Amino acid sequence: MSEKARKDYTKGPSCLKGIGLTRSFGIGDKKMFAVDHVDFDFHEGEFVSIVGESGSGKTTLSKMLLGLLNPTEGEILFQNKPRDISSHAKKREYWKSMQAIFQDPFASYNVFHKIDSVLLDCINMRGGQNLSKQEKFDMMTEACSFVNLKFAELTNKYPFELSGGQMQRLMIARIFLLKPKILLADEPTSMVDACSRATILDMLLQLRDEVGMTIIFITHDIGLAYYISDTVYIMEHGKFVEYGKADEVILNPKAAYTKRLISDVPKIHEEWDLSTVELTSEL
Amino acid sequence: MKNTLKNIFHSPRFVVGFIIFVALLLTMIFYPIFNPGDPLERIGVGTFAKPGTYFSMYDATSAKTETFRLADAEENRINALLTGDARTRMIDWMSRHGDDVAGLDPADTGALMEAWGRYYEDVRLSGMTNADRVYFRRLNNSIVNSATAEELLVMEEDPETGDYAQKGTISLTDYVNTKDVANVKTLPLGTDNFGRDTLRELVSAAGVSLRVGLIAGIVATLIGLSLGLLAGYLGGVADDIIMFITNIFTVIPSFVLLILISYSISQEARGASLVAVVIGFTGWTWTCRSVRSQVISLRNRDHVNLSKLSGHSMVRIVLTDILPYIASYVVMAFILQVSAGILSEAQLSMLGLGPKTTETPTLGLMMNWAMLYSAHTNGSWWAYFPVILTITLISFSLNLMNTGLDQVFNPTLRD
């Protein structure tokens, strides 16, 4: 995947836009802002990374984008129209275009349900209730083969019988069946080993290229963000301190926080520079 | 599921509790088949007949007799005559007149009789109160009679003339086989204050009490579970309102509430099932609180979020993504509620606020009756001790099963 082969997705029509999005917890003196008046604009087919350390508000932001958490303030525009998820039916409609992969594959599945039912849910959500058994089986087989899994071996098994990498790939198979417009991936590779990580990232890129999916990739690993994304948003204490094209942000960082994040990445053949690490009282 | 069951039955505590519980349950089911009839039938006229086998004396006089000459027959007869109280009084009196009696063992009938023969003849009845004199004279007469009497006459009264005719004689050496007596009744736990067969009553009472516990447990668990699920999953204002109500019920001692409610229902309307429902209505708070806290920790898990993203309705998420995760906990809470329900019923009945007393016995009512008729002061242990033992066994087995389940479902608690 060379740099030149990448099509420029950053100029596409706006897909998801946030204006002054805020979420606070607590009241009075204890009030703290997890996400503090952030603005963003994600385009169709864009691979966006949101980078920040633990506690910077990435997960709160992702929950608001998914509609699992209501913002305290601000607005989200979905395809340039205010997002309306006031009823269950509207939420269902929204979730047809907005899906997620979570960080911990072991916690993402209901341990009482078989793999088949996870995939069948997706087919039903796309309106495939009335398909024949064989058609459903074919769709599930296709989705599994997309992520290099054999459905025939998985059917009638429970998710916890798979390895972490296989479970996360099954999550992607789910996305393949749903084909949403936007995929929010919340640190999908942090709990799997290095080999599986590359496969999973490759599959995400493939989804983007084949389906034209917008991918919002949430990570704490700025190196990974550079390797994979078109646009990078750097988040610190609930605010975006810097954003722009991946090359510009990472090769010429302007914010001190970005510089620190970059220098914190351990590199092979080089001594690890720990001079920028702040020893705060929290540690 | 199969694996879980296997694990549960490998827990020794659960198995012991389960065996005790099943044994009690089987007794409750099968005993009435072998001993049918109304458990509250009053078979005796007096109160508190001792445990043992009773046979009709009338029938025994006409039964076929055998003659046995048993060496210890006379001693046994005197033994049965002398109570422990009489023996100590005899030794006490004799030791005032001689030194060799002080160390006498009251249980040694032979030595006691030998000494009594010497002292009673020698000292006679000098220096004692009139009451004592009468007592010892009567005691001596019965001892002497039992040794010398040859035969008892059995007479029959002619209803027309009023004359007595000899029907037969009973000699000291006559014995009757209990199988030849027409009417024999074995009462393993005697009779209670109303002359009812205590064992039959106890078995029936344990069944009713268990039913009360089950109904109370089901009611309490259902209320606690549904309120806890709602409060935990919905959060926000709904949570505040439900927790407000729960806290009110928690701070008011549920037993006081129970007494007030039971008191306000009239005695006529207070059946066992109604009392059970009332107990259930006052005991749900802890189930509600703990279910709520478990649901709160579950509702932000990724699998619930994923289920939401798959467009599932709230009811479906609660039933399929949350309830199965807390099911084991709910089962354990239910077992404890059953046990608490049985104890609450017993407490209420002890105060006379239990189910109405005329139709069904419960364990609490049996204790209440025993207490009212002072079974504990007149030594009728069979009227209350087996009841206490049954209550203890039921709650012991239920709690043991609960601990066993806890060990299986929370492996970190294993020691």
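Every number here is computed from the coordinates shown, using simple stated rules; none is lab data. Everything numeric here is computed off the predicted structure, so don't read it as measured data. Virtual Cβ from ideal backbone geometry, glycine too; neighbours counted across all protein chains shown.
Can you grab the distance from the C-alpha centre of the stretch A:135-178 to the C-alpha centre of the stretch A:44-64, Å, no decimals? Taking the Cα centre of the stretch A:44-64 as reference, the centre of the stretch A:135-178 is 26 Å away. Among A:Leu184, A:Leu251, A:Leu204, the largest mean-square fluctuation in a Gaussian network model of chain A (Cα springs under 10 Å) belongs to A:Leu251. Quick check: Cα centre of the stretch A:216-272 to Cα centre of the stretch B:218-260, how many Å? Comparing the Cα centres of the stretch A:216-272 and the stretch B:218-260, I get a distance of 50 Å. Selection among B:Asn399, B:Phe281, B:Leu258 by position relative to the dipole of the protein assembly as shown gives B:Phe281 as farthest towards the positive end (Cβ unit charges, Cα centre). For chain B, a Gaussian network of Cα nodes joined below 10 Å ranks B:Ser146, B:Ser380, B:Ser209 by mean-square fluctuation, and the top entry is B:Ser146. Comparing B:Val154, A:Val232, B:Phe48 along the charge dipole axis of the protein assembly as shown, the residue lying farthest to the positive side is A:Val232, per the Cβ-charge model. Beta-bridge orientation, chain A: approximately 55 percent antiparallel, per DSSP, counting only bridges with both partners inside.
Relative contact order of chain B, taken over Cα pairs closer than 8 Å and 6 or more residues apart, is 25 percent.
Taking a span of 30 Å or more along the helix axis (Cα atoms) and a mean Kyte-Doolittle hydropathy of at least 1.6 as the rule, the DSSP H helices of chain B that qualify are B:12-34. Taking other C-beta atoms within 10 angstrom as a stand-in for reagent exposure, A:Leu131, A:Leu154 fall in the order A:Leu131, A:Leu154, fewest first.
Exposure proxy shown here: for B:Cys288, A:Cys144, A:Cys195, the number of other Cβ atoms within 10 Å sets the order, fewest to most, as A:Cys195, A:Cys144, B:Cys288.
Just checking the listed ones, B:Val22, B:Val176, B:Val295: in the Gaussian network model of chain B with Cα springs under 10 Å, the one fluctuating most is B:Val176. Roughly what % of DSSP beta bridges within the protein assembly as shown run antiparallel, to the nearest 5? So the antiparallel bridges amount to about 65 percent of the total.
Restriction of the chymotrypsin sites (Phe, Trp or Tyr not before Pro) in the stretch A:1-86 to DSSP coil positions whose beta-carbon has at most 16 other beta-carbons within 10 angstrom yields no sites.
With neighbours defined as other Cβ atoms within 10 Å of a residue's Cβ, the residues A:Arg260, B:Arg211 order from fewest to most as A:Arg260, B:Arg211.
Let me know the shape class of the stretch B:73-148, please: from the alpha-carbon gyration tensor, a ≥ b ≥ c as square roots of the eigenvalues, rounded when a/c is under 1.5, otherwise prolate if a/b is greater than b/c, or oblate. Verdict is oblate for the stretch B:73-148. Segment B:Val15..B:Ala107, full-extension length gain: 28.6 nm, with 0.36 nm per residue of separation and the alpha-carbon distance subtracted. Split chain B at each of the chymotrypsin sites (Phe, Trp or Tyr not before Pro) in a DSSP loop with at most 14 other beta carbon atoms within 10 Å, and the longest piece is B:69-415. Specify which residue in the list B:Met113, B:Ser142, B:Leu82 is farthest towards the positive end of the charge dipole of the stretch B:73-148, using unit charges on the beta carbon of Lys, Arg (+1) and Asp, Glu (-1), about the Cα centre. Projecting each Cα onto the dipole axis, the largest value belongs to B:Ser142. Using Cβ point charges alone (K and R +1, D and E -1), the dipole size of the protein assembly as shown about the Cα centre works out to roughly 2460 debye. Counting only DSSP H runs of at least 4 residues, each contributing -39500 (n - 2.57), and dividing by the residue count of chain B, the helix-based mean residue ellipticity at 222 nm comes to -20000 deg cm²/dmol.
Label the stretch A:1-114 by shape, choosing from rounded, prolate and oblate, from the square roots a ≥ b ≥ c of the eigenvalues of the Cα gyration tensor; if a/c is under 1.5 it is rounded, and otherwise prolate applies when a/b is larger than b/c, oblate when it is not. The shape class here is rounded.
Beyond a 22 Å Cα-Cα separation, which of these cross-linked pairs lie in this structure: A:Lys90/A:Lys136; B:Lys50/B:Lys185; A:Lys63/A:Lys157; A:Lys96/A:Lys245? From A:Lys90/A:Lys136; B:Lys50/B:Lys185; A:Lys63/A:Lys157; A:Lys96/A:Lys245, over 22 Å: A:Lys90/A:Lys136; A:Lys63/A:Lys157; A:Lys96/A:Lys245.
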